[in-house]
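Inspection log for the structure reproduced underneath, given as structure tokens.
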Amino acid sequence: MKNIIRYFTGVVSLAAVFTLPVLSAEPGCNGNWQVMLHSDSAVEASRQANGVWIPATISLDRQLAACGKGITFRQAAGGPLQLTAGVSSQAYELANGSRQKLKNNGKDQYWMPLYGKQQVDFWLYLPRGQHMLPGLYQSIVDMQLMAANNAKPLQKVHTFSYLVKPYVRARLNKNGDNWLPSSGTSVLLDLGDLTRANSVELPVYLESNGFVTMSVKSEHKGNLMLMNDAQQQIPYNFKLTGRSYSLQDEAIVDIGHQVGQQQRVELSFHNQPAPFARAGVYQDIITISMWAR
């Protein structure tokens, strides 16, 4: 074989140019990414603003973070961004990690740059989040991850979910703007000289996102009891918003529903004159509980 090769090499001089097709393809932009809404870490804005800030995070693989330019958001059904729960809905906004609103391209599509980061924090803002009706709210969002090299966008459909629990808050006039703690507080009401008729009012201001019910329970069944003699008792009348209720048993009263507004509920206590009652200090302990649904 070696001789044959030498023979042809010596006789013929070959010069060849080979042209090979070159496929010019830019690298794709692939990888995994996920979106997390941290609704348990929601932060209320000021009481005047009535808003709620919900933190969120986008996490990307290293390769995807390197080639990703930014992400667009749009409501899957079109139109403005909103969360819905049954017949109730609430508009929301998207903001970057500094709480600056994301840019809207005019077609209800929002843009958030990634800056090559593997984790990007942003916010979902509910302008009236503090007064949303109870329920599980959801928003289905179409998302596109745009590549810096103009590769085909990566698409994802994500559902933002936010659970709004019923709440009720109460305050008293003398507490100013401070809400009573959830564990409750003690208030002393002095009816005065029980040998005469007396009336004492206690206005309570409520705020709730649901239908409020109040429970009123008297330790001595609607009687003022002499502290050192349980046999000595003086009955009194109890009224809530002008209506009388017997405290022989626990009184359950539906207060109503005024979302986003403070509601004044007046409790009043009245005794008939007891001129022949034994001298001393009489008292009753009333426990008031409230809940919303």
Of these, Q272, Q283, Q233, which one is open to solvent by 50 Å² or more (accessible area, probe 1.4 Å), in contact with a Pro (Cβ under 9 Å, 6 or more places away or on another chain) and farther than 30 Å from S46 by Cα? Q272
Flagged pairs (Cβ under 8 angstrom, 6 or more apart or on separate chains; first in region 35-52, under 15 Å from Y92 (Cα atoms); second acidic (D, E)) are G51/E44; V52/E44
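Evaluate the following for S183: is it in a strand (DSSP E or B) and either of a type outside the set (D, E, K, R) or out of contact with any His (no Cβ under 6 Å at 6 or more places or on another chain) (or both)?
no
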For region 28-65, which positions are small (G, A, S) and over 13 Å from G129 (Cβ atoms)? G28, G31, S41, A56, S59, A65
Kindly indicate which of L247, L267 is under 28 Å from N50 (Cβ atoms), within 40 Å of the chain's Cα centre (by Cα) and buried (at least 16 other Cβ atoms within 10 Å of the Cβ). L267
Would you call A77 within 25 Å of G210 (Cβ to Cβ), assigned to a loop (DSSP other than H, G, I, E, B) and of a type outside the set (S, T, N, Q)? no
Cβ contacts < 8 Å: first residue within 30 Å of L188 (Cα to Cα) and modelled with pLDDT of 90 or more, restricted to region 148-177; second residue exposed (fewer than 13 other Cβ atoms within 10 Å of the Cβ) and not aromatic (F, W, Y), any location; separation 6+ or different chain. Result? P166/R293
When region 80-93 is examined, which residues are found to be within 15 Å of the chain's Cα centre (by Cα) and open to solvent by less than 50 Å² (accessible area, probe 1.4 Å)? L83, A85, S88, Q90, Y92
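Take region 35-74 and flag every residue that is closer than 19 Å to V141 by Cβ and part of a helix (DSSP H, G or I).
If we filter region 35-74 for residues that are closer than 19 Å to V141 by Cβ, which is where we start, we get 35-39, 42, 52-60, 64, 68-74.
Matches in region 35-74: S39, L64.
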Just to verify a result, which residue in region 180-214, among those that are surrounded by 16 or more Cβ atoms within 10 Å (Cβ to Cβ) and within 17 Å of V281 (Cβ to Cβ), is farthest from the chain's Cα centre (by Cα)? L194
Region 117-134 - residue that is among the hydrophobic types (A, V, I, L, M, F, W, C) and at pLDDT 95 or above and, of those, most open to solvent (accessible area, probe 1.4 Å): W123
Can V200 be described as within 29 Å of W53 (Cβ to Cβ) and among the β-branched types (V, I, T)? no
Starting from region 126-138, take each residue that is among the small types (G, A, S) and list its partners that are surrounded by 17 or more Cβ atoms within 10 Å (Cβ to Cβ), counting only C-beta distances under 6 angstrom and pairs at least six apart or across chains. G129/G51; G129/V52; G135/A85; G135/V164
Does region 231-238 contain any residue that is without any contact (Cβ under 8 Å) to a residue 40 or more places away in the chain, of a type in the set (S, T, N, Q) and closer than 30 Å to T84 by Cα? no
Enumerate the pairs (first residue in region 257-283 and farther than 30 Å from Q90 by Cβ and free of Cβ contacts under 8 Å to residues at least 12 places away in the same chain; second residue anywhere and among the basic types (K, R) and surrounded by 12 or more Cβ atoms within 10 Å (Cβ to Cβ)) with beta-carbon separation below 8 Å, excluding pairs fewer than 6 apart on the same chain, so at least 6 apart or on different chains. none
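The values are calculated or read from the model by the stated rules, or taken from the named source; none is laboratory data. Every value quoted in this text rests on a predicted model; they were computed, and no experiment measured them. Don't worry about glycine lacking a Cβ; one is built from the backbone with ideal geometry, like all the others, and counts go over all protein chains shown. In case anyone asks, the SASA skips ligands and DNA or RNA and just uses the protein heavy atoms, side chains included. Shrake-Rupley method; radii C 1.70, N 1.55, O 1.52, S 1.80 Å.
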